[in-house]
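I have placed the structure first, in the form of structure tokens, so that the comments after it can refer back to it.
The values are calculated or read from the model by the stated rules, or taken from the named source; none is laboratory data. Keep in mind that what you see is a predicted model, and the values were worked out from it rather than measured. Here Cβ is always computed from backbone atoms with ideal geometry, including for glycine, and neighbour counts include all displayed protein chains. Ligands, DNA and RNA are stripped out before the accessible areas are found, and what is left, the full protein with its side chains, is counted by its heavy atoms. Shrake-Rupley method; radii C 1.70, N 1.55, O 1.52, S 1.80 Å.
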Amino acid sequence: VEAHEALLKGFDRQWYDFSPLPIGWLESEGSLHFKRTMKEWIQEEFVDAEAFGLKDPRMCFFLPLWKEIFHELGIDIHYVVVLRNPLEIAHSLMKRDNIPPLYSLVLTRHYLSSIWDSLDEAQISTITYADVLQDWQVCFGRIADIFQLVFDTSVLGVDAGGMLDAKL
């Protein structure tokens, strides 16, 4: 999250901003620095991992950059897009950030458009946030089945369900 926020700030943008990234952003010094930093981080953090996941809604805007990072590291990409009821998102953003509901609905569309515009022939799966809240382990199991991964939820070391808040 912090790395994405710093990259947005370098482009004079915020996560709730509708302004497009500047022309040539992918080749900018900020993007090149981000790429170097994230490649090092992935190589350090996930060196022995068969599979790993990253979650930050801001990735929607930077997916072309992430695709370059994964390609350069020889990582196969499998997308899991978590869909949430836009009215729930609006409620959450109103409660957390005092963002008006109509703005939140348009912002949600902006995020979804960004992700769908950047997806390609890679493997894609969708799940709903409601299903994750109901039983995250079943959702992870379905994802593992779709992508033919062996996933042991005990490797998380915590109850992932404890990190989810249905009120937000």
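With respect to the stated conditions, Ser92 fails to be surrounded by 15 or more Cβ atoms within 10 Å (Cβ to Cβ), among the hydroxyl-bearing types (Ser, Thr, Tyr) and either free of Cβ contacts under 8 Å to residues at least 24 places away in the same chain or touching a Pro at 6+ places or on another chain (Cβ under 7 Å) (or both). Pairs linking a residue in the range 109-123 that is under 11 Å from Tyr79 (Cα atoms) to a residue that is open to solvent by 60 Å² or more (accessible area, probe 1.4 Å) and of a type outside the set (Ser, Thr, Tyr), with Cβ atoms under 7 Å and 6 or more positions apart or on different chains, are Ala122/His78; Gln123/His78. (1) at pLDDT 85 or above; (2) touching a helix residue (DSSP H, G or I) at 6+ places or on another chain (Cβ under 9 Å); (3) part of a helix (DSSP H, G or I): which one isn't true of Gly161, the others all being true? With (1) at pLDDT 85 or above; (2) touching a helix residue (DSSP H, G or I) at 6+ places or on another chain (Cβ under 9 Å); (3) part of a helix (DSSP H, G or I) applied to Gly161, the lone miss is (1).
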